[in-house]
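Engineer: Below you'll find the structure I mean.
The values are calculated or read from the model by the stated rules, or taken from the named source; none is laboratory data. Worth saying up front: this structure is predicted, and the values here are computed from it rather than measured. Cβ: placed from backbone, ideal geometry, glycine included. Neighbour counts: every protein chain shown. Areas reflect the complete protein model, heavy atoms only, side chains present, ligands, DNA and RNA absent. Shrake-Rupley method; radii C 1.70, N 1.55, O 1.52, S 1.80 Å.
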Amino acid sequence: MANHEVTRRKFMWSAGAVAGACALRPLHSPLTFGEFRLRQSYAGGNVPLRDRAEKKGLLFGSSAQQKEFVEDPALEAAFIAQCNILVPELALKWDHLRPTPETYNFAPVDWLLNFAQQNQMKFRGHTLVWQEALPTWFASYVTPQNAQPLLLNHIAKVVGRYAGKVHSWDVVNEVIWPQDRRSDGLRDSPWLRNLGPGLIEMAFRAAAQADPHALLVWNENWLEEESATGESKRAFLLQHLKDHLSRGVPIHGIGIQAHLIGDHSNIGGAHFKQFLNQITDMGLKILVTEMDVRDFRLPNDIGTRDKAVADRYYEFLHTVLAQKSTIAVLTWGLTNRYTWTAHNSPRADGAQVRPLLFDEDMNPTPAWSAVGRAFDDAPSR
Ligand code: G3I
């Protein structure tokens, strides 16, 4: 890679680029006013997370949907105040982008990208290869003969459309699943059945060709647990990364989803730390891509629950941010008003779940303070 290329990549991926852009932010737009109001309301030491992250050379952000911004001005203001990176929760998945095999629905993505650009946020792409969120037509349409052009055309069209505007792409998502008992640890997904294990290399090379400037990420769940699943996923991922990198496959970083569970004490132990060191030694970036802390087994009492959730946030981020290769932290939703865990991991007592950084009334939770402390305590990068 030429020197100027390295410099440009560094700039595009760094929080410094965001800080620089902030200086150019228009002073009188309504959204800036919303941000100003929110910043005022946290006066007295409650500096927004994007500022605390930027101070350490980090990005902080969250997933969102267009309708949440359109229907909820409080969320919009909080997002603008707190985040310098945005990832669409749904809009870039196949089931949202591809209503039919021939057509694309780019409008919601265009809207969210514009929102991010207007508010000096970077933009993440999620995701190109995933076994879930496939359109209803997919199963009866895909064959070993058409799978390769189907995937390659999708990547060329989608990644190409947003080339130069995307900070990072989750090229593959959750492709390791040792429970499927393959010797390579890969998930027995529709993609794998039709394309074979070469699909990973194929997808990364196609993404690099379509956008030479985006950071290309391998995104995985359950990496942080000191359990048999966690250990096995880490081992298979390391093996695949070594193999792919040795063949020059353009993988630039790993995404640790970090959907933590509030009462799991086996998170982020010695084996996980060793894994982070190995990722760093390979020259890869680390992104925390989908963090939340599920509270479904925690006690009902809100004070107790919030403390446990906040403790998990701090412990985990303290460990991951100790690595200077970690460049970004994103939560999966910003407020408990909108969280997939309400459906996926509801509480047996029927109480509202509290996995995120803002509560139902858009007040910052102890988890918000914990994330801020983790940024404050992190080394600069
Ligand atoms: O919007 C429709 C609604 O109109 C309909 O009535 C309802 C009936 O089921 O479905 C609603 O859509 C759901 C959508 O979430 C919005 O809530 C879909 O069924 C549901 O499949 C979809 O789930 C999303 C899931 O990915 C699949 O795309 C979750 O919101 C989203 O949080 C989740 O995100 C994933 C990451 O992409 C990858 N890592 C794990 C993470 C959590 O599962």
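Engineer: How much accessible area per residue does the chain have, in Å², with a 1.4 Å probe?
Structural biologist: So the chain comes to 40 Å² accessible per residue, rounded to a whole number.
Engineer: For the stretch 304-350, what does the convex hull of the Cα positions come to per residue, in cubic angstrom? Before the final figure, lay out each step's value.
Structural biologist: On the way: hull volume 4.4 nm³, N = 47.
In the stretch 304-350, the Cα hull volume divided by residue count equals 93 Å³.
Engineer: Show that you can apply the helix-only estimate: for the chain, add -39,500 (n - 2.57) for every DSSP H stretch of four or more residues, divide by all residues, and state [θ] at 222 nm to the nearest 500.
Structural biologist: Estimated from H runs of four or more residues: -13500 deg cm²/dmol.
Engineer: What net charge do the residues around E68 carry, taking every other residue with its C-beta under 12 Å from that of E68, with Lys and Arg at +1 and Asp and Glu at -1?
Structural biologist: Values: positive: K67, R337; negative: E71, D72, E76, E89.
Within the 12 Å Cβ shell, the charges total -2.
Engineer: Also, quick follow-up: So for the stretch 49-377, if I pair up every lysine 8 or more residues apart or on another chain, how many of those pairs have alpha-carbons under 21 Å apart?
Structural biologist: For the stretch 49-377, qualifying lysine pairs total 27.
Engineer: Something else about it: Could you give the C-alpha radius of gyration of the stretch 247-341 expressed as a fraction of 2.2 N^0.38 Å, taking N as the number of residues it contains?
Structural biologist: In units of the 2.2 N^0.38 Å rule of thumb, it is 1.19.
Engineer: I would also like to ask the following. Dipole magnitude of the chain about its Cα centre, charges +1 at Lys/Arg Cβ and -1 at Asp/Glu Cβ only, in debye to the nearest 20? It would help to have the intermediate numbers written out before the result.
Structural biologist: Details: 40 positive and 41 negative charges, 221 e Å.
Using only the charged Cβ atoms, the result is roughly 1060 debye.
Engineer: Using only the alpha-carbon atoms of the stretch 49-377 as identical scatterers, what base-10 log of I(q)/I(0) does the Debye formula give at q = 0.11, 0.15 Å⁻¹?
Structural biologist: -0.68, -1.33
Engineer: Of the accessible area of the stretch 49-377, with the probe set at 1.4 angstrom, what percent is carbon plus sulfur?
Structural biologist: About 49 percent, which is the carbon plus sulfur part of the accessible surface.
Engineer: At 4 °C and 1.567 mPa s, grab the translational diffusion coefficient of the stretch 197-241 from Stokes-Einstein with a Kirkwood Rh over Cα pairs, rounded to a whole number in µm² per second.
Structural biologist: Taking Rh from Cα pairs, D becomes 107 µm²/s.
Engineer: Cβ neighbours within 10 Å, averaged per peptide: list 199-209, 343-353 in order, most packed at the top.
Structural biologist: In decreasing order of mean packing, 199-209, 343-353 become 199-209, 343-353.
Engineer: In addition: Quick check for me: using +1 on Lys/Arg Cβ and -1 on Asp/Glu Cβ, what's the dipole size of the stretch 159-301 about its Cα centre, in debye to the nearest 20? It would help to have the intermediate numbers written out before the result.
Structural biologist: Working: 15 positive and 19 negative charges, 117 e Å.
That gives the stretch 159-301 a dipole magnitude of about 560 debye.
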